1. Quick one: in region 74-96, of everything that is touching an Asp or Glu at 6+ places or on another chain (Cβ under 9 Å) and assigned to a strand (DSSP E or B), which residue is nearest to Thr129 (Cα to Cα)?
2. Select from region 25-79 the residues that are at pLDDT 90 or above and touching a Phe, Trp or Tyr at 6+ places or on another chain (Cβ under 6 Å) and write down the one among them that is most open to solvent (accessible area, probe 1.4 Å).
3. Only one of Gln142, Gln173, Gln138 is under 14 Å from Arg48 (Cβ atoms), open to solvent by 20 Å² or more (accessible area, probe 1.4 Å) and at pLDDT below 90; which?
4. In this structure, does Ala157 turn out to be open to solvent by less than 50 Å² (accessible area, probe 1.4 Å), of a type in the set (A, V, I, L, M, F, W, C) and modelled with pLDDT of 90 or more?
5. Residue check: is Val103 at positive phi and touching a helix residue (DSSP H, G or I) at 6+ places or on another chain (Cβ under 8 Å)?
6. Being under 16 Å from the mean Cα position of the chain (by Cα), open to solvent by 20 Å² or more (accessible area, probe 1.4 Å) and at pLDDT 85 or above is the filter here, so list the residues in region 102-135 that pass it.
Amino acid sequence: FKQKTAYEIRLSLVGSEMCIRDRAGMSPATDVAGDIPASLVAEDGPARRVLVAEDNSINQLFVGTLLRRAGYAVDNVENGEEAVAAVERAAYDVVLMDVHMPVMTGSQAVQRIRAMNSKKARLPIIALTADVSLEGQQTYLQSGADAFIGKPVDWKALTAEIHRLVSLHPRRQA
C-alpha cells in the first residue's frame, strides 16, 4: 500500500471490522464497527484486568480496542519474557497469550507462570494462535493454558471464554 499523509487500514476478522487512521503528528485512532452484545460486556464493578501478550502491534491494537470497549482494562506486552515479568509485578484476571513470539514463546511463558510460587500460578491463560491444528492445540494446552482461541480471532468466542474463565476464579488481589 502507498504511504500517504492519512491512510486507512481495514481489518476484517470474523464479523468485526476495525479502521485505523493515522495523520501526521497524531497517534493512531481506532473506530471499531458494530455493537458489543451486553452478555459479553464485563460486569459492573472494577474493570477486569487483561494482559495481552502479542508481538504483532496490529493484533495488539485490535484485541485491546475490543476488550476496552467491552469494559476490560488492558495491558500489552510484546513477548513471553515481558508477559512473565508483567504477571510477576501486577495482578491480572486473565492473560491472552500468543503462541509464537520472540525472546520467549507463549508456551514457555505459560510454563514459567504455572511454576510461580503464588496464586498467580493459577491465573487463567488463553492461548491465541493461527496454528489451529489439533497437535498445536494439544501442545499449548499441555503447557498449561486453560483455553485455546484460533486466529483470526472470533470476538464472540474470545469474550465468552474470558467471561467463563474469570467467573471460575476470584477477582485479582489488590
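The values are calculated or read from the model by the stated rules, or taken from the named source; none is laboratory data. Computed from a predicted structure; not experimentally measured. Note: ideal-geometry Cβ built from the backbone for every residue, glycine included; neighbour counts use all protein chains shown. These accessible areas exclude ligands, DNA and RNA; they are computed on the full protein's heavy atoms, side chains included. Shrake-Rupley method; radii C 1.70, N 1.55, O 1.52, S 1.80 Å.
1. Leu96
2. Arg49
3. The unique qualifying residue is Gln173.
4. no
5. yes
6. Correct list: Thr105, Ser107.
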